[in-house]
1. Look through R263, R214 and report the one residue that is under 30 Å from L314 (Cβ atoms) and over 12 Å from the mean Cα position of the chain (by Cα).
2. Residue under question is V209, and the condition is that it be surrounded by fewer than 17 Cβ atoms within 10 Å (Cβ to Cβ) and either at pLDDT below 85 or within 27 Å of W111 (Cα to Cα) (or both); does it hold?
3. So, in region 129-169, how many residues would count as being of a type outside the set (V, I, T) and touching a Pro at 6+ places or on another chain (Cβ under 7 Å)?
4. Which of the residues belonging to region 127-169 are among the aliphatic types (A, V, I, L, M) and under 20 Å from D211 (Cα atoms)?
5. Got a number for residues in region 127-166 being closer than 22 Å to D63 by Cα, at pLDDT 80 or above and hydroxyl-bearing (S, T, Y)?
6. Failed condition for V304, given (1) crowded, with 17+ Cβ neighbours inside 10 Å; (2) in contact (Cβ under 8 Å) with a residue 40 or more places away in the chain, with all others met?
7. Checking the structure you have, find out if any residue of region 342-353 is under 30 Å from W212 (Cβ atoms), without any contact (Cβ under 8 Å) to a residue 60 or more places away in the chain and in the same structural domain as T268 (by TED's automatic domain parsing).
8. If W229 passes every condition in (1) over 19 Å from N144 (Cβ atoms); (2) within 18 Å of the chain's Cα centre (by Cα); (3) in contact (Cβ under 8 Å) with a residue 24 or more places away in the chain but one, which one does it miss?
Amino acid sequence: MIEQGLGLLNRWIDSWGLLSGGWRAGIIIFALVCATATVAYIASRVVVGLEKRFEATRNLWDDTLLHAARRPLVAFVWLQGIYWAAEVAHHFSDAEIFSVNDTLLQVGFVWVIVWTVLGLIKGAEAIFTSPLKMKKPMDYTTVNAVSKLSRAVVIITAVLIMLQSLGYSISGVLAFGGVGGIAVGFAAKDLLANFFGGFIIHLDRPFKVGDWIRSPDRNIEGTVEHIGWRLTTIRTFDKRPLYVPNAAFTTIAVENPSRMSNRRISETVGIRYADVSQMATIVADIRSMLENHDEIDSKQTLIVNFLAFNASSLDIMIYTFTKTTEWVKFHEIKQDVLLKISQIIEDHGAEVAFPTRTLHLPDGIQLAGRSDEPAAESTTESTTESGDQDK
């Protein structure tokens, strides 16, 4: 089609005897570039106008599709315009560089399609995880894992198609990849271990972004910020980033306190031996207080019992669970509970015990120096009296 049009145009120009071949090529290429820029601008404005109109609708996918296709559409217009300009140049020139126009057009078209699909995947990820767009947003970690896997599949497929367009045999590439994969596997076994560790994390979901995790096997504790294919980023409580290879999570135990249903209050409170007669009523009042506390989950295990005769105290075991799992609020509730327990003990005339030791002596034994105290007192008194007489 381009060849027929150029031939017709050349014959018309030749009939008038106007311009040389170089001028003809330059004018036509300039006109094509200007036309391409105009069409690209119009296409961009049309898509932007459609985006604004579709924003008023409830359908979220039309907005996502238009947003993902706007820039690739403009790129496609430019790709087609440059292809036509290159074909015009090839008509007037025998340079080898213009012989690959068709191949570059195919590769560019694949690139535009991949760009659009990647934009759709990114937009879908934002929709599925947004609480503003979805009534029940999906788990970010799961959606992010599927998104990464989808992007990897699209990119690998596009690369194979491009190689085929460039004249390479896909079967040969795959065969080379199978043989070379063995050597790469041995050389990059740690990288592959981390990759599969990340895959297991996405599959089993022991934690997700935003969870507080810790490991009793390693010095790992903090909030998960990002789960990559090689590393997981954890923000420790002193605000330092901790980068943990994913392979580590396949060999260590991991606790996820973020998924606890309740927080536990486990305390031992001791009263004096002198208050043993008040023990039963103190225990009963503490249990009643916990059962009626607004922030204590009475459906969980609740234990308040006289525990043991300790060295300096009579111990009471207090074991219960709060309704909240928030760290700060939990400590506020725990403080309130402990203060109320102290008040109950005080209301019964008892006291919280502290480490003491009582020494019992037989009646016939006196402490050294005790018998001299009266003599010292009389000596002091006589000295005072003599002083008064001197005055």
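The values are calculated or read from the model by the stated rules, or taken from the named source; none is laboratory data. All values derive from a computational prediction rather than experimental measurement. Cβ atoms come from the backbone with ideal geometry, glycine included; neighbour counts cover every protein chain shown.
1. Numbers: R214 fails: under 30 Å from L314 (Cβ atoms).
That would be R263, the only listed residue that is under 30 Å from L314 (Cβ atoms) and over 12 Å from the mean Cα position of the chain (by Cα).
2. Working: surrounded by fewer than 17 Cβ atoms within 10 Å (Cβ to Cβ): yes; either at pLDDT below 85 or within 27 Å of W111 (Cα to Cα) (or both): no.
So V209 does not fit the description; no.
3. We begin by selecting, within region 129-169, every residue of a type outside the set (V, I, T); these are 130-140, 144-145, 147-152, 158, 160, 162-169.
Pick out the ones that are also touching a Pro at 6+ places or on another chain (Cβ under 7 Å) and you get 130-131, 137.
Summing the residues that are of a type outside the set (V, I, T) and touching a Pro at 6+ places or on another chain (Cβ under 7 Å) in region 129-169 gives 3.
4. Here is the first cut: in region 127-169, the residues among the aliphatic types (A, V, I, L, M) are 127, 132, 134, 138, 143, 145-146, 149, 152-156, 158-163, 166.
Residues satisfying the conditions are M138, V143, A145, V146.
5. Qualifying residue count for the region: 2.
6. Result: V304 fails condition (2) only.
7. So far as region 342-353 goes, no, none of its residues is under 30 Å from W212 (Cβ atoms), without any contact (Cβ under 8 Å) to a residue 60 or more places away in the chain and in the same structural domain as T268 (by TED's automatic domain parsing).
8. Every listed condition holds for W229 apart from (1).
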